[in-house]
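J.: I am attaching a structure below and will ask some questions about it afterwards.
Throughout, read-outs are computed from the coordinates displayed, never taken from laboratory work. Keep in mind that what you see is a predicted model, and the values were worked out from it rather than measured. Here the Cβ positions follow ideal geometry from the backbone for every residue, glycine too, while neighbour counts run over all protein chains shown.
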Amino acid sequence: MAYQLLIPLTLIPTEETDPRRVEEVREQILTAGRWTLPIMVEKDALFVMDGHHRLAVALQLGLNVIPSVLLDYETVQVEAWRAGETITPEHIFDIVRRCCKFPIKTTRHIFKGELPACNVPLEELRRNPDLSKVSVPTPQGGMLPYPT
């Protein structure tokens, strides 16, 4: 499984973020000068499964692309962080359809197998991307290389 470069504005957050945590993550990324953990994204609807704070940082920094891994609920399990709460993929798809967000730390996605690491300098993510390496969503819910 490899990461792809996706345009941050195409990704849909499903949870609120904590501004203090966004600032902490921002400082970690800026100090490293590199993007080291891809954002996990549902492959058809393009909503964020894991990485809401990183997405917020990418948007703050004006990054043109970010490393992302496309996954689905055949390979990812979802549960609630809070005891007594039940979260299903259907709940998440419903939130996305309604253009709403869950409160922070509502969904917990459990990924099977090794997730890819990355080590991309921020300068590469800031500059105009090599569009041959960028994926874009299709109306049918798939991904295609960026049309050049």
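J.: Only helices at least 18 Å long along their own axis, judged from Cα atoms, and with Kyte-Doolittle mean hydropathy of 1.6 or greater: name those in the chain from DSSP H.
T.: Helices meeting the criterion: none.
J.: How many nm separate the modelled label positions at GLU85 and ILE12, each set 7 Å beyond the Cα in the direction of the Cβ?
T.: Going by the 7 Å Cα→Cβ label model, 2.0 nm.
J.: Counting only C-alpha contacts under 8 Å and six or more residues apart, can you give the relative contact order of the chain as a whole percent?
T.: 34
J.: Less than 13 Å Cβ to Cβ from THR107, Lys/Arg counted +1 and Asp/Glu -1: what total charge do the surrounding residues give? Each step should come with its number before you reach the end.
T.: Details: positive: ARG82, LYS101, LYS105, ARG108; negative: GLU15, GLU16, GLU42, ASP50, GLU79, GLU85, GLU90, ASP94.
Combined, the nearby Lys, Arg, Asp and Glu give -4.
J.: Compute the longest continuous run of the chain that contains no exposed GluC sites (Glu not before Pro); treat a site as exposed when its DSSP state is not H, G, I, E or B and it has at most 15 other Cβ atoms within 10 Å.
T.: Values: sites that count: GLU16, GLU74, GLU85, GLU114.
Of all site-free stretches, the longest is 17-73.
J.: Can you tell me what share of the DSSP beta bridges in the chain is antiparallel? A percent to the nearest 5 is fine. Don't skip to the answer; put the middle values down first.
T.: Details: 15 of 23 bridges.
Antiparallel: roughly 65 percent of the beta bridges in the chain.
J.: Related question: Scan around ARG34 for amide H atoms under 5 Å from its own, H built in the peptide plane at 1.01 Å from N, and keep only partners 5 or more places away or cross-chain.
T.: HN-HN under 5 Å from ARG34: LEU122.
J.: Taking the simple approach of a point 7 Å from Cα along Cα-to-Cβ for both PHE47 and ASN119, what is their distance in nm?
T.: Result for the modelled spin labels: 3.5 nm.
J.: If you put +1 on each Lys and Arg Cβ and -1 on each Asp and Glu Cβ, how big is the dipole of the chain around its Cα centre, in Debye rounded to 20? Working shown, then result.
T.: On the way: 16 positive and 19 negative charges, 56 e Å.
With only Lys, Arg, Asp and Glu charged at Cβ, the dipole is about 260 debye.
J.: Let me ask something else. In what order do THR14, THR36, THR106 fall by count of nearby beta-carbon atoms within 10 Å, going from fewest to most?
T.: THR36, THR106, THR14
J.: Quick check: from the Cα gyration tensor, does segment 4-126 come out rounded (a/c under 1.5), prolate or oblate?
T.: Since a/c reaches 1.5 and a/b is larger than b/c, the shape of segment 4-126 is classed as prolate.
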